[in-house]
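Notes follow once the structure below has been shown.
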């Protein structure tokens, strides 16, 4: 399998290349700055290929990220692998650069400075929104020049979590999901960007697509794609949209008169994230971040219940991530599955369990594809 070989090479290169934007911050420096203040969060990552012909999911973790956070993301690719791979290789670097650009020259106390020496931002909403926009623009340029014609039309959803013991920041584009366990109760931190089903989010997404000149058929944008927000997918953005209409004619999805009747005035898909920034409360225990291959067959409540039971049995975040992906496969998910479990320490009651130091094992980078 070509993609499996690519993933192994990418992990090795990112760990060993010191000049890489994904190379870990020196553990000693990070620990001196943040460990006593925030601690090092335990985590687990697991990815399994479902019944799909190719594995297009990616999961990515930087345990010692900027400003004392753990950075975690899942990318769910479609119509090819290149978009998800690009996000794995670039999104965190763009966010890190944006933190520098937005905080350079600001005045703050020594204790509030990052290990880089720059001030840590008080809020990250605008930084994440700008970073998603910049990364999508960069990705579209990359895809237009891709040597593989099929990969040029690839896209990917993205859900990002920045976690510390005092704060969570979540940014979402597409239909993956992040769920918080608050004393055993499942709290969804994200909303799926789809045009099928009911509810205010679906209604808003349908209205945006139709206002741009698009249409919804069979629960899909232009009867083609099930998500309404994604990175890449150049056929649904800007100069690529006329090509999508003509492709529909050539594939006999619709006729030329129908294509000529459509006047597309704005991007049909966007990479604008919904962002949640919230304090970690004393009852907050852990976060589960996963692609829709899990959520299609496991509810948020069931996932939290399984994970909480396992934590109380002194199982590690890695063991729990593995169990969740295997459960999705056993329940016959029709998709690939990637899961990240972030242990916030079990809330005010805490967990009585040994900590598995995945962050030491992976040296600041983990990409499973």
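Laboratory data are not the source of any read-out in this text; all were calculated from the coordinates shown. Remember, predicted model here, so these are calculated numbers, not experimental data. Cβ sites come from the backbone with ideal geometry, for glycine too, and all protein chains shown count toward neighbours.
Structure notes:
- Here the sum of -39500 (n - 2.57) over DSSP H runs of 4 or more residues, divided by the residues of the chain, equals -10500 deg cm²/dmol at 222 nm, to the nearest 500.
- Cα-based helix-to-principal-axis angle, 241-250 vs the chain, degrees rounded to 10: 60
- Estimated at 0.36 nm per residue, the fully extended path between residue 215 and residue 166 surpasses their Cα-Cα distance by 13.4 nm.
- Comparing 145, 346, 219 in a Gaussian network model of the chain, where Cα atoms under 10 Å apart are tied by springs, the biggest mean-square fluctuation is seen for 145.
- Length gained when the stretch residue 334-residue 31 is fully extended (0.36 nm per residue, less Cα-Cα span): 104.9 nm
- Here the relative contact order of the chain, from alpha carbon pairs under 8 Å that lie six or more residues apart, stands at 27 percent.
- GNM flexibility winner over the chain from 253, 30, 215 (Cα, springs under 10 Å): 253
- If R0 equals 45 Å, the separation of the Cβ atoms of residue 111 and residue 138 corresponds to a calculated FRET efficiency of about 0.85.
- Against the main long axis of the alpha-carbon atoms of the chain, helix 300-312 sits at an angle near 20°.
- Cα gyration tensor category, rounded, prolate or oblate, for region 221-310 with a/c compared to 1.5: prolate
- Residue-span extension gain [residue 352 to residue 122] - 0.36 nm each, minus C-alpha spacing: 79.5 nm
- Note on residue 100 and residue 201: the model spin-label points, each 7 Å out from Cα along the C-beta direction, lie 3.4 nm apart.
- When the Gaussian network model of the chain links Cα atoms closer than 10 Å, the mean-square fluctuations of 318, 246, 49 top out at 246.
- Efficiency of FRET from Cβ geometry, residue 52 and residue 281, R₀ 35 Å, rounded to 0.05: 0.40
- Between the Cα long axis of helix 2-16 and the first principal axis of the chain there is an angle of about 40°, rounded to the nearest 10.
- Read-out Kirkwood radius over Cα pairs in Å, derived from the coordinates shown; its label in (1) 24.4; (2) 21.1; (3) 22.0: (2)
- Relative contact order of region 189-267, defined on C-alpha pairs under 8 angstrom at six or more residues apart (%): 26
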